[in-house]
Amino acid sequence: MACRSRATAAIAACAVLLGACSTPTAPGADVDVDADAVQVYAAGSLRAALTEIAREHQARTGQKVALTFGASGLLRERIEKGAPAQLFASANTAHPERLAAGAGWQAPVVFARNTLCALGSEKIDATPDTLLATLLRSDVRVGTSTPRADPSGDYAWEFFRRADALRPGAYALLDAKALKLTGGADSPMPPAGRNAYLWLMEQDRADVLLTYCTNAVAARAERPRLRVLPLPPALQVGAAYAMTLRSDAAPAAQAFARALRQPAAQAALQRLGFELP
């Protein structure tokens, strides 16, 4: 029951903030480079948390922090092509590990965790125990993020693999029917300021979206008739958020990295539904 307890706790914690959890940014949208600011590239699901943490950090230290959000895999590609990130915060460990495997980046450190959930439309009548059977129905459209470009998509496919272990053939069915609706270079983008997952539901793009619990709860906060379903314990998939610094990172960037692991920042992450590392 530990997995279900963690997922339920994440849902409850994020619900307290009623929509403060984040949505993605356009994949190619870089901020204007401010030479005096710490350039932080971070997973879109960290938007609310890092915005709050950076605001507090700037008020306390006077150091500006410039935040660029997007799918972690796409951000890594931009960094590899020369984007000026000094700190990279990913929704998985693989992308920062890839940077660290080359020259110029430090070994990544896990600073927060999240959990995969299902966000269902009003017409979906399911419980965690019946969720897999519901997703396998031919009349249920399953939306995901884009694997390799976005860790949320990778976690969805890990869920598919675990489902296949319980119900042989489930992977093939889910892999074939999954609609990659977010996290890709060409994914449809919601209007500015809109929750991407709520917008996809309103556009009737899917009946169920597999996404982080923090994102699902934020969508339901705006439309209470939506349903947030934790995955059953045997199928639960957790997400580890890791950050890495450039090897020659300026003291200001190092200070912000340390701040992310301090009690105040960790408390902000917990309030928004994330789990401690």
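Each reported figure results from applying straightforward, stated rules to the coordinates on display, with no laboratory input. Computed from a predicted model, the values in this text were never measured in an experiment. All Cβ positions, glycine included, derive from the backbone under ideal geometry; neighbour counts span all protein chains shown.
Observations on the model:
- Each of G238, T127, A172 was placed along the dipole of the chain (beta-carbon charges, centred on the mean Cα), and the one lying farthest toward the positive end is T127.
- Beta bridges by DSSP in the chain, antiparallel share as percent, to the nearest 5: 60
- D (Stokes-Einstein, µm²/s), Kirkwood Cα radius, the range 94-145, 1.306 mPa s at 10 °C: 109
- Extension gain from E56 to A172, taking 0.36 nm per residue of separation minus the Cα-Cα distance: 37.1 nm
- For the chain, size of Cβ-based charge dipole, Lys and Arg +1, Asp and Glu -1, in debye: 440
- The E222 and A35 beta-carbon pair, evaluated with R₀ = 51 Å, returns a calculated FRET efficiency of approximately 0.85.
- Per-residue ellipticity at 222 nm from helix content only, as computed over the chain with -39500 (n - 2.57) for each DSSP H run of at least four residues, stands at -12000 deg cm²/dmol.
- Converting phi to 3J(HN,Hα) with the Karplus coefficients 6.51, -1.76 and 1.60 and the offset θ = phi - 60°, the range 226-234 yields 5, 10, 10, 10, x, 6, x, x, 5 Hz in sequence order, with x at every glycine or proline.
- Axis angle, to the nearest 10 degrees, between helix 151-166 and the longest C-alpha principal axis of the chain: 40 degrees.
- In degrees, nearest ten, helix 47-61 long axis to first principal axis of the chain (Cα): 20
- Whole-Hz couplings from phi, Karplus 6.51/-1.76/1.60, listed for the range 170-184; x for Gly and Pro: 5, 4, 4, 5, 5, 4, 6, 9, 4, 9, 7, 9, 9, x, x
- Measuring nothing but alpha carbons in the chain and taking Rh as the Kirkwood radius, the Rg to Rh ratio lands at 0.97.
- Put a dot 7 Å past the Cα of T127, heading toward its Cβ, do the same for A107, and the two dots end up 4.6 nm apart.
- Over the chain, relative contact order from alpha-carbon pairs under 8 Å, at least 6 apart, %: 33
- Hz values of 3J(HN,Hα) by residue in the range 121-136 - Karplus curve (6.51, -1.76, 1.60), Gly and Pro given as x: 6, 4, 7, 7, 10, 8, 10, x, 6, 9, 4, 4, 4, 5, 5, 7
- Globularity ratio of the range 115-235, using Cα Rg and 2.2 N^0.38 Å: 0.97
- Mean sequence separation of contacting Cα pairs (under 8 Å, at least six apart), scaled by the length of the range 115-235, corresponds to a relative contact order of 45 percent.
- Computed label-point distance, nm, for sites D204 and E77 using a 7 Å Cα→Cβ extension: 3.2
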